[in-house]
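The values are calculated or read from the model by the stated rules, or taken from the named source; none is laboratory data. Keep in mind the model is a prediction, meaning the values are calculated, not measured. Because the Cβ atoms are built from the backbone with ideal geometry, glycine has one as well, and the counts that use them run over all protein chains shown.
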Amino acid sequence: MADGARCYELFSLEVCASACVGCRAREARRPLRVDEIRAVRGDGEELTFIVSAVPLGDDYIVESYRDVTAEMRIQRRLKVLLETERRAKGDLEEMVEERTRELRQAQAQLVLQEKMSTLGRLVAGIAHELNNPINFVYGNVDFLAQYVEDLLTLVRTADESPDLSPALRAELDAVKQRIEFDYLVEDSHKLLKSIRTGAERTAAIVRDLKNFSRTGASDMVETDVVSGIETTLNLISPLHRDRISIERDYQAGLPRLVANAGHLNQVFMNLLANAAQAIRGPGTIRIAVTSRDEDGRPVIEVSISDTGEGMAPDVLERITDPFFTTKGVGEGTGLGLWITDSIVRAHVGTLLCESAVGAGSTFRVILPLRPRDE
């Protein structure tokens, strides 16, 4: 270095001046080591060195250059391979997770379809078995009422007869007093009216059960949406009776919808039951059904709003995810709205929801009149 040349110039290397480890070691007056110094040889080949420098007094420096070009190439190649493997592993894990999620959804849907089919057959069987005795009661209550009136007429005729002896009249009055005849007459009419009302109510429930259980993959028929909603309201009446007022806004002259009536009833059941459960105390459920054209096709929109607690944005984003529920253990499976969304999409429709904490929720079901035309 007597001629003033840099250390690395002795090896015909092109590097920045800061790479002169020897000069830096001399200034620091201590040994230095620098890893991975990049250099370019005179013939253009890129090299990598590990350089060590040890100052010996003020005039001499001992430098060692270790060529690690091949090792660094191997390490860089290995690093690339490891990164590629890591990304491939991540992609594979995502694919497995997605496939697992799809399989769980498919399994849940198959289980649900089997349960719905079994439930439909069970409900239809129960409705059929109940239908005969209810028809017997309902069909004979009018005859019973007429028989009671005939017997009462007979008693009144005997009581009002002028030919009735005093002894027989006294005995008749004693019997009437003992059986509380006047109360019996008044209460018999009430009992007959209650029997008739109960029979009519039971017959209506049986009819609703039969309508609700109409399921089948190919059961696409013209369906009265309003009738399906009213049937569902009757079935879930214990959830809203004496607590929630139901406001109806049905457009006049609504067209009939081609749909699977049983599956559509399941949609109304889930949405109306959720609306009733979202209202902790007294409240209101508003149901609106309208028809219109959307994107050149006729559709029916069913809107169900409640005055319940509402949902936060993070909950609203996940309500149709399978197995997601905000209810306690044993109170919900997290499949209701996922099933609802699946049924609506199967009918080429759309399920929308608007909600805010403390402001209630509104679900909108938009269905084309003729989904098979799509």
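Identify all residues within region 349-358 that are crowded, with 16+ Cβ neighbours inside 10 Å and either over 13 Å from the mean Cα position of the chain (by Cα) or at pLDDT below 85 (or both); write none if there are none.
GLY349, THR350, SER355, listed by residue number.
Examine region 40-62 for a residue that is assigned to a helix (DSSP H, G or I) and either modelled with pLDDT under 70 or assigned by TED's automatic domain parsing to the domain that holds VAL344 (or both), and state whether such a residue exists.
Filtering region 40-62 down to residues assigned to a helix (DSSP H, G or I) leaves none.
Looking for residues that are assigned to a helix (DSSP H, G or I) and either modelled with pLDDT under 70 or assigned by TED's automatic domain parsing to the domain that holds VAL344 (or both), one finds none in region 40-62, hence no.
Could you run through region 256-286 and say how many residues are touching a Leu at 6+ places or on another chain (Cβ under 9 Å), surrounded by fewer than 23 Cβ atoms within 10 Å (Cβ to Cβ) and part of a strand (DSSP E or B)?
1
Considering THR232, THR320, which residue is assigned to a helix (DSSP H, G or I) and either under 20 Å from ILE343 (Cβ atoms) or assigned by TED's automatic domain parsing to the domain that holds ALA127 (or both)? Walk me through it before giving the result.
Numbers: THR320 fails: assigned to a helix (DSSP H, G or I).
Answer to the check: THR232.
Here's the yes/no breakdown for (1) surrounded by 11 or more Cβ atoms within 10 Å (Cβ to Cβ); (2) modelled with pLDDT of 75 or more; (3) assigned to a strand (DSSP E or B):
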residue	(1), (2), (3)
ARG26	yes, no, no
TYR65	yes, no, yes
GLU71	yes, yes, no
GLU85	no, yes, no
GLU97	no, yes, no
VAL111	yes, no, no
